[in-house]
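What follows is a short report on a single structure.
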Amino acid sequence: MEYDNKSFIMDMDGVIYYGNKLIDGAKEFIGKLKEHSSKYLFLTNNSSQTPLDLSKKLRILGVDVSPENIHTAALAVAAFLDGQKKGGSAYVIGDPGLLHALHEVGYNITEFNPDYVIMGDTRAYSLEMIQKACKFIKEGARFIGTNPDLTGPSDFGIVPSVGSLTAPIERATGVKPYFIGKPNPLIMRTALRRLGAHSDETIMIGDRMDTDIIAGIETGLETILVLTGVTSRDDVARYPYQPTRICDSIKDIWK
């Protein structure tokens with residue numbers, strides 16, 4: 001199929017790579033985008049790495065993508081908080097990508113009377129962190145999650161993501177987190193603004209029905225589901241909404 005004059009918003013995990021392995025056809029697909037001078041933006045719910053980190057990872061895997069073409073849930077959280085309360089403070093459970101994004105907008109990372117408790121993707125997660133988060137929320141801190149994904153792909157297979165990590169805190173406090181990442185329209189509108197594109201000329205490519213595809217549909221985008229990540233073909237029929245197209249892999253999109 002031909003997608004001349006189309007812009008693309010794409011997930012990363014499960015679409016371009018799986019863990020630390022490039023998915024077959026990803027390099028060629030990005031080459032096609034550059035050949036057609038297509039506007040494109042990688043939009044990932046993973047908050048653990050900065051756009052520069054992800055750009056370097058892709059380069060090691062054999063794909064040249066500028067950090068300017070990568071937007072993360074961590075950046076979306078930072079932008080949201082900067083608009084809500086400039087120069088605020090937060091207790092953060094998360095990795096360097098989230099911490100860096102918050103520092104860049106002037107947020108103070110603290111364990112003393114924080115304005116927000118923020119949960120992002122992380123492998124460092126303990127009962128002590130949960131206890132502190134619960135304490136701060138009970139004292140009035142607002143609860144933010146970078147993304148609602150219950151699971152995500154990794155070298156170890158499917159692993160828990162932020163939607164699962166927030167669950168003990170939510171159950172203990174009775175407070176639901178506000179998730180900023182996909183499928184929240186906030187992050188989709190940000191992506192379209194960064195691209196300088198309209199929804200009716202943009203395609204969303206993702207591996208998850210419950211975040212990528214619904215985000216695209218609710219924002220008015222054409223959607224393509226690839227089956228190299230979380231959602232399988234058998235899963236698709238269970239959803240009341242459907243993608244515009246299903247491809248086995250990103251290598252099949254231009255066919």
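Out of the residues in segment 135-183 that are polar (S, T, N, Q) and not in a strand (DSSP E or B), state the one that is modelled with the lowest pLDDT.
The extreme case among them is SER161.
Could you identify the single residue in ILE187, ILE180, ILE213, ILE203 that is under 14 Å from LYS6 (Cα atoms) and either of a type outside the set (S, T, N, Q) or not assigned by TED's automatic domain parsing to the domain that holds ILE246 (or both)?
ILE203
Under 8 Å by Cβ, and 6 or more places apart or on different chains, what pairs join a residue from segment 180-207 that is over 11 Å from LEU43 (Cβ atoms) and free of Cβ contacts under 8 Å to residues at least 24 places away in the same chain with one that is surrounded by fewer than 19 Cβ atoms within 10 Å (Cβ to Cβ) and of a type outside the set (A, V, I, L, M, F, W, C)?
Close Cβ pairs (under 8 Å, with a partner that is surrounded by fewer than 19 Cβ atoms within 10 Å (Cβ to Cβ) and of a type outside the set (A, V, I, L, M, F, W, C)) amount to SER199/GLY220; ASP200/GLY220.
Taking the residues in segment 124-169 that are among the acidic types (Asp, Glu) and within 21 Å of the chain's Cα centre (by Cα) as candidates, determine which candidate is surrounded by the most Cβ atoms within 10 Å (Cβ to Cβ).
ASP149
Report every pair of residues separated by at least 6 positions or lying on different chains whose Cβ atoms are under 9 Å apart, first residue within segment 59-70 and within 15 Å of LYS21 (Cβ to Cβ), second basic (Lys, Arg).
LEU61/LYS21; LEU61/LYS27; GLY62/LYS27; VAL63/LYS27
Can you tell which of LEU81, LEU22, LEU43 is more than 12 Å from the chain's Cα centre (by Cα), surrounded by 22 or more Cβ atoms within 10 Å (Cβ to Cβ), under 23 Å from ASP149 (Cβ atoms) and hydrophobic (A, V, I, L, M, F, W, C)?
Criteria check complete, one pass: LEU81.
Residue by residue through segment 5-46, note down the ones that are among the small types (Gly, Ala, Ser) and closer than 15 Å to ALA191 by Cβ.
Once the filter is applied, which keeps residues that are among the small types (Gly, Ala, Ser) and closer than 15 Å to ALA191 by Cβ, segment 5-46 yields SER7, SER38.
Please give the number of the condition LEU99 fails out of (1) surrounded by fewer than 18 Cβ atoms within 10 Å (Cβ to Cβ); (2) without any contact (Cβ under 8 Å) to a residue 12 or more places away in the chain; (3) in a helix (DSSP H, G or I).
(1)
For the structure I just gave you, tell me whether GLY62 is modelled with pLDDT under 95 and surrounded by fewer than 18 Cβ atoms within 10 Å (Cβ to Cβ).
Against the criterion (modelled with pLDDT under 95 and surrounded by fewer than 18 Cβ atoms within 10 Å (Cβ to Cβ)), GLY62 qualifies.
For LEU52, are the conditions met, namely being more than 19 Å from THR190 (Cα to Cα), touching a strand residue (DSSP E or B) at 6+ places or on another chain (Cβ under 9 Å) and surrounded by fewer than 22 Cβ atoms within 10 Å (Cβ to Cβ)?
Criteria not met by LEU52.
Return the only residue of ILE224, ILE214, ILE187 being β-branched (Val, Ile, Thr), over 14 Å from the mean Cα position of the chain (by Cα) and buried (at least 18 other Cβ atoms within 10 Å of the Cβ).
That would be ILE224, the only listed residue that is β-branched (Val, Ile, Thr), over 14 Å from the mean Cα position of the chain (by Cα) and buried (at least 18 other Cβ atoms within 10 Å of the Cβ).
The values are calculated or read from the model by the stated rules, or taken from the named source; none is laboratory data. Note that the structure is a prediction, hence the values are computed from the model and not measured. Reconstructed Cβ throughout: ideal geometry from the backbone, glycine too, with neighbour counts over all protein chains shown.
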